[in-house]
Amino acid sequence: MNKGVLILFIIFALSGAKANHKLGTRYIAVPDSDGVQRIYMRAGSYYYKPDHIVVKKGVPVELIILRESSLVPHNIVMDYPSAGMKFDVEINPDKPVRISFTPLKTGSFEFYCDKKLLFFPSHREKGMHGVIEVTE
Ligand SMILES: [Cu+2]
């Protein structure tokens with residue numbers, strides 16, 4: 001096996017491992033004294049932690065996202081305007097991102113990173129996604 005083939009093999013082995021990602025870290029938000037459900041999240045290649053967030057309907061949410069430093073670009077996207085959750089925000093390593101919204105509907109709503117490089121699988125396909133579960 002020559003070096004180039006070996007490196008390709010390692011890349012595919014690693015990306016395969018990440019593709020098997022399942023929702024794991026569940027976090028149930030509790031409102032702060034100011035009534036805001038504040039959630040601190042970490043992001044990186046290719047994850048959000050926590051990636052399963054439970055919030056209450058009709059109560060303001062503030063998502064504060066810090067990310068690992070790397071050159072890989074990441075963002076966070078939600079596209080549920082009728083449920084009060086619509087944004088598309090870059091997450092940069094140097095500065096935490098703050099996103100505020102108020103969930104208007106109960107249910108499970110996906111968030112994900114929509115970055116993709118050339119023919120490689122998208123970050124979403126590599127496991128960079130999660131769910132906001134809105135309860136009564
Ligand atoms: Cu990403």
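All told, Lys105 falls short of being in contact with a His (Cβ under 6 Å, 6 or more places away or on another chain) and either more than 15 Å from Gln37 (Cβ to Cβ) or among the charged types (D, E, K, R) (or both). Of all the residues in segment 80-89, those that are surrounded by 14 or more Cβ atoms within 10 Å (Cβ to Cβ), more than 16 Å from the ligand (Cβ to nearest atom) and on the phi < 0 side of the Ramachandran plot number 3. Of all residues in segment 90-128, exactly one satisfies the criterion of being closer than 19 Å to Tyr27 by Cα, near the ligand (Cβ under 10 Å from one of its atoms) and in a strand (DSSP E or B), namely Tyr112. Name the residue, out of Ile53, Ile132, Ile65, that is within 16 Å of the ligand (Cβ to nearest atom) and among the aliphatic types (A, V, I, L, M). Result of the check over Ile53, Ile132, Ile65: Ile65.
Looking only at segment 31-76, residues that are assigned to a loop (DSSP other than H, G, I, E, B) and either touching a Lys or Arg at 6+ places or on another chain (Cβ under 9 Å) or surrounded by 14 or more Cβ atoms within 10 Å (Cβ to Cβ) (or both) come to 12 in all. Restricting the first member to segment 75-97 and to residues that are modelled with pLDDT of 95 or more, and the second to residues that are of a type in the set (Gly, Ala, Ser), the beta-carbon pairs closer than 8 Å and six or more apart or on different chains are Ile76/Ala43; Ala83/Gly107; Ile91/Ala43. Taking residues in segment 32-52 that are under 24 Å from Ser70 (Cβ atoms), and partners anywhere that are among the hydroxyl-bearing types (Ser, Thr, Tyr) and away from the ligand (no atom under 16 Å from the Cβ), the pairs with Cβ atoms closer than 8 Å and at least 6 places apart or on different chains are Ile39/Tyr27; Lys49/Thr25; Pro50/Thr25; Pro50/Tyr27; Asp51/Thr25; His52/Thr25; His52/Tyr27.
The values are calculated or read from the model by the stated rules, or taken from the named source; none is laboratory data. The structure presented is a predicted model; accordingly, all values stated were derived computationally and were not measured. Cβ atoms come from the backbone with ideal geometry, glycine included; neighbour counts cover every protein chain shown.
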